[in-house]
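**Student:** This is the structure I have questions about; it appears just below.
The values are calculated or read from the model by the stated rules, or taken from the named source; none is laboratory data. Given the structure is predicted, the values throughout are model-derived calculations rather than measurements. Here the Cβ positions follow ideal geometry from the backbone for every residue, glycine too, while neighbour counts run over all protein chains shown. We work out accessible area using only protein heavy atoms, side chains counted, and drop any ligands, DNA or RNA first. Shrake-Rupley method; radii C 1.70, N 1.55, O 1.52, S 1.80 Å.
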Amino acid sequence: MLPVLSKLSGYYSAYVLGVLTIGYILGELGHYLIGVTSKQTAIELEYGDISCQQNSTMFSRAEVPEQCSAIKEEASCHALDHNGTTYCEWNRNGLGIEYQILAGPTFILVFTIAGVFMGLAADRYNRVKMLTICTLIFAVAIILQGTVKEYWQLVLLRMIMAAGESGCNPLATGIMSDIFPEDKRALVMAIFNWGIYGGYGIAFPVGRYITQANFFNLGWRVCYLGAGALAVVIAALTGVTLKEPERKSISDDSMTTKDGKKANLWSVLKNPAMIMLMIAASIRHCGGMTFAYNADLYYNQYFPETDLGWWLFAVTIGIGSVGVVVGGVVSDKIVAKMGIRSRAFVLAISQLIATLPAFGSVFFEPLWAMITLGGSYFFAEMWFGIVFAIVVEIVPLHVRSSTIGVFLFVMNNIGGNLPILVDPVAKAIGYRESIMIFYAGMYGISSILFLITCFMLEGKAKTNDAEKAENGGIEAHTRHIQGHDNSVFSADEPPAYNGINKKSSALTNNLQNTPGYKAQIHESSRL
């Protein structure tokens, strides 16, 4: 190897993280663009609700004699004027049940079902090749969304996009878990999963300002054409420059349950801690999806005279990014003192702190709305990477990607589909009030559920000198974190077997920590 290539090889792990994260950002950009371009898309494709809306930025809401949103019929809407200037339009607003179905269920349905199969396949086949194909699929689907002529075509292409993107998380998580050591895992997972918020944040300026620029007279379509083209480039880089990492300490017979049977996906999923973690994550996901699908439409409706596109971008990308990194670092640091339980504790506290400013972001006028949104984002965005660090650490390695696929299926089906209730609730009690319930309210509920999960996970176990010496100096809380021996992530090969009649305690875990549990260590499988 050339000296310069030898030096660059030390940055390979960071390069992998970068490529995977950028690919995820572009996938999520395609996912969330509909929330920003919905009004223009609805007008052109003719779907969704029609209402009276303020279409002039010459006047603030306080200056006009009557609010456009209060008018319920077309003639009266057109008749409103201020100093001889009409300021309302009767047009599609991008909302309605058709939009909620387009944004949520049509995407989530395919995303979650395909994600389960992707997770199962990731435990058996070459993940880099699969990820390359998945990225190419959602890239082409995003490009084609920029060419649609009918509503049903957009629905179909979002479903195809969802099928491709469904492989990103389980495939990339498995790859990263085999590359990065335990002490960096939460941070790495946080950076990767920040791709959700990166794509969502970038969607604001891309969807607003590129649409307004009307390049080539294509309007909103350029957003999809450009995002898809960049995703094609990332698919090429993934397939050409990434290599399949060695799977660490995977063996089909390495773990058994108390009745002597091999530990399988079902035995992992029915664990009470895993069930509670999935419920808590689903409720928190509902809050995030509600704001993601409705933020631009909400602020445009309540503050039409104020352009918040760059503010939303700055808060999401800037403050949200800091929150992601801080959450990962804090989680990785205190897990050494408190065990895996500390990660759930960080989740509970961060979401509790984020709840009150989340309410403020939909209660106050624009300035304070953005200030409180920033405060909420700093703490709220800690959650995703930490959740998946927990999942990786409490399951056996041979069903790791499968578990992530099922976890995403449950989380997205509950959290991703609950926001469809925003529309009927809004029509009953008001749009703002509905957003408060399904956005900020879900933050608060999730904090309670994460706290309950905290007490169901294993804390730091005490280690006496003899046991510590027997296990090569590995701390007990590291050896006994639910699921598998985390120390295997810090070396290319598993520890040597301690003799034919001598049981190794290195693989003892909470999910299989029962009287009949047996553990064996085999050589790592290679693909």
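**Student:** Considering the alpha-carbon set of the stretch 65-164 alone, what are its Rg and its Dmax in angstrom?
**Tutor:** Final numbers for Rg and Dmax: 21.3, 70 Å.
**Student:** Extending each Cα 7 Å along its Cβ direction at Asp307 and Glu44, get the distance between those two points in nm, one decimal.
**Tutor:** The answer from the label model is 2.0 nm.
**Student:** Percent of accessible area on the stretch 269-459 owned by carbon and sulfur, 1.4 Å probe?
**Tutor:** Using a 1.4 Å probe with all protein chains present, the stretch 269-459 comes out at 79 percent carbon and sulfur.
**Student:** Quick one: in the stretch 352-405, what % of C-alpha pairs are over 12 Å apart?
**Tutor:** 67
**Student:** Summarise the accessible area of the stretch 50-90 (1.4 Å probe, protein heavy atoms) by the percent that is carbon and sulfur.
**Tutor:** Here it works out to 48 percent.
**Student:** Starting from 0.36 nm per residue, how many nanometres of slack lie between Lys149 and Asn83 once their C-alpha separation is accounted for?
**Tutor:** Here the answer is 19.8 nm.
**Student:** Quick one: of Lys39/Lys149; Lys243/Lys333; Lys72/Lys149, which pairs are farther than 18 Å apart, Cα to Cα?
**Tutor:** In this structure, Lys243/Lys333; Lys72/Lys149 exceed 18 Å between Cα atoms.
**Student:** Whole number in Å², please: accessible area per residue of the stretch 269-459, 1.4 Å probe, ligands, DNA and RNA not counted.
**Tutor:** That works out to 31 Å² per residue.
**Student:** Here's a follow-up. How much net charge surrounds Gly198 when only other residues with a Cβ under 12 Å from its Cβ are counted (Lys, Arg +1; Asp, Glu -1)?
**Tutor:** Computed value for this residue: -2.
**Student:** Now for a different question. Excluding Gly27 itself, calculate the net charge of residues whose Cβ lies under 13 Å from the Cβ of Gly27, where each Lys or Arg counts +1 and each Asp or Glu counts -1.
**Tutor:** -1
**Student:** Between the stretch 191-247 and the stretch 37-111, what's the alpha-carbon centroid distance in Å?
**Tutor:** The distance from the Cα centre of the stretch 191-247 to that of the stretch 37-111 comes to 28 Å.
**Student:** Full-extension gain between Glu365 and Val329, please, as 0.36 nm times their residue separation minus the C-alpha to C-alpha distance.
**Tutor:** Extending this stretch completely gives an extra 9.6 nm.
**Student:** Continuing with the same structure: Average the reciprocal distances over every distinct pair of alpha-carbons in the stretch 165-231, invert the result, and give the Kirkwood radius in Å.
**Tutor:** Final number for the Kirkwood radius of the stretch 165-231 is 14.0 Å.
**Student:** Would you pull out the residues with amide H under 5 Å of Gly219's amide H, same chain only if 5 or more places away, H placed 1.01 Å from N?
**Tutor:** The answer is Asn214.
**Student:** With the other protein chains left in place, how much accessible area per residue, in square angstrom, belongs to the stretch 50-90 at a 1.4 angstrom probe?
**Tutor:** Per-residue value: 59 Å².
**Student:** Can you compute the equivalent ellipsoid semi-axes for the stretch 273-368, i.e. the square root of 5 times each eigenvalue of the Cα gyration tensor, sorted largest first and rounded to whole Å?
**Tutor:** Working from the Cα gyration tensor, I get semi-axes of 31, 16, 11 Å.
**Student:** Please label the shape of the stretch 304-433 as rounded, prolate or oblate, based on the square roots a ≥ b ≥ c of the eigenvalues of the alpha-carbon gyration tensor (a/c under 1.5 means rounded; beyond that, a/b larger than b/c means prolate, else oblate).
**Tutor:** Verdict is oblate for the stretch 304-433.
**Student:** Here is a further query. Bins of 5 Å, beginning at zero and ending with the bin holding the largest distance: percent of Cα pairs per bin for the stretch 50-90, please.
**Tutor:** 5, 29, 40, 19, 6, 0
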